Structures are given as C-alpha cells and as structure tokens.
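The values are calculated or read from the model by the stated rules, or taken from the named source; none is laboratory data. This structure is a prediction, so every number in the text was calculated from the model and none was measured. All Cβ positions, even for glycine, are placed from backbone atoms using ideal geometry, and neighbour counts span all protein chains on display. Note: accessible area is taken over every heavy atom of the protein model, side chains too, but ligands, DNA and RNA are not part of it. Shrake-Rupley method; radii C 1.70, N 1.55, O 1.52, S 1.80 Å.
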Amino acid sequence: MVQLSTLLLSSRAFKTPAITQAFINMLPDHHQYSEISIIVNSVKEGRLHPKMIALQTQLHALGFRNVTLFDVFQDNLDILKQSDALILNGGYEFYLLHALKSSNADQVINDLAQNNRPIYGISAGAIVLGPDLQLYQYLYPEDNLLQDKDLNGLKLTTTRIYPHFDQHAITNPGLIDQINHWENTHHQSVIRLNNDEGLLIQDENVKRL
C-alpha cells in the first residue's frame with residue numbers, strides 16, 4: 001500500500017528544530033486548534049508514563065492546545081477518528097503492533113492515512129508504520145514476548161528504518177554487520193536513523209532531516 005498521509009519518522013520526539021518544524025508544517029495554519037492524539041505505548045503505566053506526559057507537555061509548549069494521550073485498550077476509538085494529526089510514541093515495537101491490531105486501532109490509523117491526516121512515528125512508532133517487523137524479529141526475537149506470528153506493519157510506507165542507530169551501534173558493535181547481513185539476505189534496504197535525525201515521507205519521496 002502506498003501511503004497517502006504525510007509521514008514524519010524520527011528516533012526521538014522533536015529532537016531538532018528541523019524535525020519540529022516539519023511536524024508543524026504538516027498541520028493547518030491554525031495548528032494550535034488541531035486535535036492531536038498520542039497513542040501511548042507502555043505496558044504498565046499507559047498514559048501515566050512520564051515520557052508520554054513529557055511529550056504532551058512538549059506539544060503544549062509548541063502551542064498545541066488539544067493534545068490527548070490515547071490508550072487503545074481503554075479509550076473509545078471514536079476519539080482517534082476525530083484526530084487532525086496522530087503521533088505513535090516509542091517503546092516496544094512488538095507490543096505496540098500487537099496493541100494496535102488487537103484493538104482495531106490499526107484500521108482507524110489506515111483510515112486516517114487515507115484521509116490525508118498527518119502521522120508522526122517516533123522510534124517504535126516509526127517502525128510499525130512500515131512494511132513489517134521482520135528485521136527486529138531477526139535482531140531481537142526475545143522482544144517478541146507474545147510470540148506474535150503476524151509481523152506485518154501498518155504498511156503506510158515501504159521505507160524500513162532502524163532508529164537510534166548511532167547509540168545502538170556503540171553498545172552493540174556487531175549491529176552493523178547484522179543489519180548488513182539482513183539486507184543482503186532479504187534484498188531489502190534499511191535506513192539507519194541516528195538519534196538526531198528524522199525522515200519526512202510524502203508519496204514515497206523521502207527527505208532526511
């Protein structure tokens with residue numbers, strides 16, 4: 001599926017002025033009135049997770065007035081359907097994908113994309129917007145705690161990313177060879193995103209920020 005929305009992907013939320021401005025540019029001129037939903041991705045704390053609250057606070061500081069922390073297991077999906085923009089937060093990519101599919105939030109997100117609503121994926125949120133989680137099943141099978149077999153992503157873009165590449169390559173020197181091996185084996189390319197980088201995707205045109 002070719003995505004219709006403008007997508008913004010990054011390793012960390014609003015890490016640079018370029019990423020922040022790209023998000024603002026995705027919304028109407030009177031963006032402060034836009035309804036923004038942040039899909040939280042926390043197994044235990046949900047919307048009470050400090051990082052989720054911090055992201056909401058960041059958006060308030062940018063002038064956005066209507067920012068909802070949305071829990072797919074507790075909140076009504078109708079709230080999500082009214083969003084002018086959607087943010088998928090970071091965390092565990094396997095858990096996030098499982099949560100979206102089991103709650104049917106994945107269908108709502110696809111509908112929003114079909115209606116050209118901008119979507120911002122951060123870390124795990126950026127990963128699940130892509131084709132699948134096969135790379136992560138290869139690298140981190142232990143993270144697939146629920147042993148999900150369906151690893152298809154939301155397929156809003158064909159772009160595959162690995163966020164936090166600079167940080168993870170330091171802590172795991174073998175990561176470079178592992179990703180190279182996966183690319184060569186599967187004949188797929190992976191964009192390695194550092195912590196201070198983002199991608200703006202529109203009609204599969206990819207701009208690195």
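The table for this structure:
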quantity	calculated
Pair list, Cβ under 7 Å, 6 or more apart: region 82-96 residue open to solvent by 10 Å² or more (accessible area, probe 1.4 Å) and modelled with pLDDT under 95, other residue in a strand (DSSP E or B) and of a type in the set (A, V, I, L, M, F, W, C)	Asp84/Ile36; Asn89/Ile38; Asn89/Ile39; Asn89/Ile122; Gly90/Ile122
Filter result for the condition that a residue is of a type in the set (Asp, Glu) and surrounded by fewer than 22 Cβ atoms within 10 Å (Cβ to Cβ), over Glu204, Glu197	Glu204
Leu100 vs. criteria open to solvent by less than 50 Å² (accessible area, probe 1.4 Å), aliphatic (A, V, I, L, M) and assigned to a helix (DSSP H, G or I)	yes
Residues of region 123-181 classified as under 17 Å from Val206 (Cα atoms), in contact with a Pro (Cβ under 9 Å, 6 or more places away or on another chain), assigned to a loop (DSSP other than H, G, I, E, B) and not polar (S, T, N, Q), total	2
Every pair of residues 6+ apart whose Cβ atoms lie under 6 Å, when the first sits in region 104-117 and is free of Cβ contacts under 8 Å to residues at least 40 places away in the same chain and hydrophobic (A, V, I, L, M, F, W, C) while the second is buried (at least 17 other Cβ atoms within 10 Å of the Cβ) and in a helix (DSSP H, G or I)	Val108/Leu80
Flag if Ser83 is over 24 Å from Tyr136 (Cα atoms), small (Gly, Ala, Ser) and part of a loop (DSSP other than H, G, I, E, B)	yes
Selection count, region 8-43, where residues are in contact (Cβ under 8 Å) with a residue 40 or more places away in the chain, farther than 15 Å from Ile201 by Cα and not polar (S, T, N, Q)	11
